[in-house]
Amino acid sequence: MDCTKIFKEAAKAGRSLITLDEQLISNILHSLAEALTAGIDFIIAANEKDLRMMDSSDPRFDRLLLTPDRIRGMAADVLKISKMPGPAGRTISTVTRPDGLRISKVSVPFGLIGVIFEARPNVTVDVFSLCLKSRNACILKGGSDAINSNKALTGIIKDVLEVSGIDANVLTLLPAGREETGQLLNAVDYVDLLIPRGSRSLIDYVRTNSRVPVIETGAGICHIYFDESGDREKGRAVINNGKTRRVSVCNALDCLIINNKRLNDLAYLVSLCAGSNVIIYADEKAWYYLEGRYPSDLLKHATSESYGTEFLSYKMSVKTVDSFEEALDHILNTDRSTAKQ
């Protein structure tokens, strides 16, 4: 499919947003929040089509899943964005030169932003809302896993735009094929900025192959460090929450780093995780203090790969260090090795 016409129409629609009234933008976002809540059954029906094509044991399943509460949460986030001050047209700084010439630095929209993401349909709504608030048009390239969910959400957004008298091409959802991805990466005459949101491999691919300027989002292994002065009650609660609250999100805990002087507290710190059947990959020192104090079927010996894995499931590694500085070195080296993969 040749996307040139799509890119042209999206770029043109983006220019129409530059002078859009701030109150109208807020009204559109309010209407969208209401439409999302009213369309819960429609959205869930579309989402179920996607879910049927994915194994429920796949870590991405939870990311893909939409529930009434999650959809209402999306609507609440849209309302929060509507209340934010619009960034476009804001004077950042002003300088008066010796000859009396006054120069102001004023924020302006990028124009047309392309966002490539994976099986997270909530991103469709998040990106559109933020782009509209900042007066940017957006082209979305979601994964094939969420195609029905993304189409349903895009349809609701476009309906709201048309009722509001706004060119619906300010939001474009590309087909899920790889050919369209390649065209987006090379749309230098139309797309002003690309943002990949997802795994390290996705981010690396976009950075390596894009001719359009790229803003790189974070993608790494999430650590918690428990220092020798740490409060074990707070530590236990934070570790359990970080690991088990929602395992499929990118900020879920992957590696617990513990100071060697607090190994006697390790079993207590991870005790709540056992209730969620969290598998622990422990280094030799941590293993010694966990053996017999953590369920044996959930306790494994760590390997080098244990410290470079984004688990997205009920698994985590434990690393023992002698100092805060050693903990920082471990985090830095893990992130570097992950980035090279």
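Screening F311 on (1) touching a helix residue (DSSP H, G or I) at 6+ places or on another chain (Cβ under 6 Å); (2) in contact (Cβ under 8 Å) with a residue 40 or more places away in the chain shows it passes everything except condition (1). You will find that of L253, L266, L332, the residue that is surrounded by fewer than 18 Cβ atoms within 10 Å (Cβ to Cβ) and of a type in the set (A, V, I, L, M, F, W, C) is L332 and no other. Candidates in the range 137-162 are the residues that are without any contact (Cβ under 8 Å) to a residue 40 or more places away in the chain and among the hydroxyl-bearing types (S, T, Y); of these, the one that is surrounded by the fewest Cβ atoms within 10 Å (Cβ to Cβ) is S144.
Criterion applied to G198, G165 was being touching a residue at least 40 places away in the same chain (Cβ under 8 Å) and on the phi > 0 side of the Ramachandran plot, and the one residue passing it is G198. For the range 290-306, check the following and say yes or no: at least one residue is within 30 Å of R207 (Cα to Cα) and surrounded by 15 or more Cβ atoms within 10 Å (Cβ to Cβ). Yes, some residue in the range 290-306 is within 30 Å of R207 (Cα to Cα) and surrounded by 15 or more Cβ atoms within 10 Å (Cβ to Cβ). Within the range 224-244, the residues that satisfy the criterion of being touching a residue at least 60 places away in the same chain (Cβ under 8 Å) and either outside the structural domain of N264 (by TED's automatic domain parsing) or more than 19 Å from S276 (Cβ to Cβ) (or both) are Y225, D227. Considering only residues in the range 222-253 that are among the small types (G, A, S) and part of a helix (DSSP H, G or I), the one that is nearest to A286 (Cα to Cα) turns out to be G235.
Taking the range 76-117 as the range and being surrounded by fewer than 19 Cβ atoms within 10 Å (Cβ to Cβ), within 18 Å of the chain's Cα centre (by Cα) and in contact (Cβ under 8 Å) with a residue 24 or more places away in the chain as the test, the residues that pass are A76, D77.
Taking the criterion of being closer than 12 Å to H223 by Cβ and touching an Asp or Glu at 6+ places or on another chain (Cβ under 8 Å), the residues of the range 303-325 that qualify are E310, M316, S317, V318, K319.
Does G39 satisfy the criteria of being touching a residue at least 24 places away in the same chain (Cβ under 8 Å), surrounded by 16 or more Cβ atoms within 10 Å (Cβ to Cβ) and over 24 Å from L194 (Cβ atoms)? Spelling it out, G39 is indeed touching a residue at least 24 places away in the same chain (Cβ under 8 Å), surrounded by 16 or more Cβ atoms within 10 Å (Cβ to Cβ) and over 24 Å from L194 (Cβ atoms). Per the conditions (1) touching a residue at least 12 places away in the same chain (Cβ under 8 Å); (2) within 17 Å of N148 (Cβ to Cβ), the sole criterion not satisfied by D58 is (1).
Go through the residues of the range 3-22 one by one and say whether even a single one is part of a helix (DSSP H, G or I) and more than 30 Å from D189 (Cα to Cα). No - not one qualifying residue is present in the range 3-22. None of L256, L194 is assigned to a strand (DSSP E or B) and outside the structural domain of K8 (by TED's automatic domain parsing) except L256.
When the range 16-27 is filtered for residues that are surrounded by 15 or more Cβ atoms within 10 Å (Cβ to Cβ) and at pLDDT 90 or above, the ones remaining, listed by number, are L17, I25, S26. Just to be sure before I move on: is S248 over 28 Å from the mean Cα position of the chain (by Cα) and on the phi < 0 side of the Ramachandran plot in the structure I sent? Judged against the criteria, S248 is not a match. Among the residues of the range 163-220, how many are basic (K, R), within 26 Å of D50 (Cα to Cα) and surrounded by fewer than 16 Cβ atoms within 10 Å (Cβ to Cβ)? The number of residues fulfilling the criteria is 1.
The values are calculated or read from the model by the stated rules, or taken from the named source; none is laboratory data. Just so you know, these numbers come straight off a predicted model, no measurement behind them. Reconstructed Cβ throughout: ideal geometry from the backbone, glycine too, with neighbour counts over all protein chains shown.
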